[in-house]
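For reference, the structure is listed below as structure tokens.
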Ligand SMILES: Cc1cc2nc3c(=O)[nH]c(=O)nc-3n(C[C@H](O)[C@H](O)[C@H](O)COP(=O)(O)O)c2cc1C
């Protein structure tokens, strides 16, 4: 069984409709730990050693957040800047994360059609996530296809419930190692593989 750590980065969790339900659906699953990062670090003073311990104890790491300006809320950037240290995460001797799986879980106000890269001036979610992918590649990790929930403003309670149960299925599949890493990486979205 893979140990899964889900790091939730949402600055306004009490106002969240989607990420709150997604987190609730996986919280308490056996082998899965969920950490609400804005609650742990409201002042942005990240405990680097603690975060590195969490990574060392995990086989699969998930960065869960809403899409903010085609990227993440700022605490995730701070976390990346501080936690993925040279000599730990990358560099000649920085091999602590080698071979671990990592996945982005994204919710977007925009519908899937808003992220069709063949249209003028538009980039796909995968293209926009390139800095996250390349960062984790430098750390010798396996960046999986993202779990994406689009069109959040249009989703009613049923739609959000479906997204949440789909998420629980995906996290369960990652925990139980139901798919090869190669399979988990090659789809546009992990939703397309598992759901
Ligand atoms: C500061 C800010 C920036 C946002 N930027 C984007 C964006 O770039 N693309 C997009 O599709 N939605 C964007 N949104 C919409 C959020 O992604 C959406 O409200 C969120 O995913 C809903 O999830 P929640 O119910 O958990 O908050 C933005 C929202 C805020 C508040």
Take the residues in segment 42-70 that are farther than 24 Å from residue 2 by Cα and more than 18 Å from the chain's Cα centre (by Cα); name whichever of them is surrounded by the most Cβ atoms within 10 Å (Cβ to Cβ).
46
Just to confirm my filter: which helices (runs of 4 or more DSSP H) fall fully inside segment 130-195 and include at least 2 residues that are within 16 Å of the ligand (Cβ to nearest atom)?
130-138, 157-176
If a residue counts only when it is near the ligand (Cβ under 10 Å from one of its atoms), which strands (runs of 3 or more DSSP E) contained entirely in segment 1-91 have at least 2 such residues?
60-66
Only one of 121, 94 that is part of a loop (DSSP other than H, G, I, E, B), over 15 Å from residue 72 (Cβ atoms) and within 16 Å of the ligand (Cβ to nearest atom):
121
Run residue 113 past the list (1) loosely packed, with under 14 Cβ neighbours inside 10 Å; (2) within 14 Å of the ligand (Cβ to nearest atom); (3) at pLDDT 95 or above and report the number of the one that doesn't hold.
(3)
Give the residues of segment 148-164 that are in contact (Cβ under 8 Å) with a residue 60 or more places away in the chain and surrounded by 14 or more Cβ atoms within 10 Å (Cβ to Cβ), sorted by residue number.
149, 152, 155, 160, 163, 164
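The values are calculated or read from the model by the stated rules, or taken from the named source; none is laboratory data. None of the values given here were measured: they were computed from a predicted structure. No Cβ is skipped: glycine too gets one built from the backbone with ideal geometry, and neighbour counts run over all protein chains shown.
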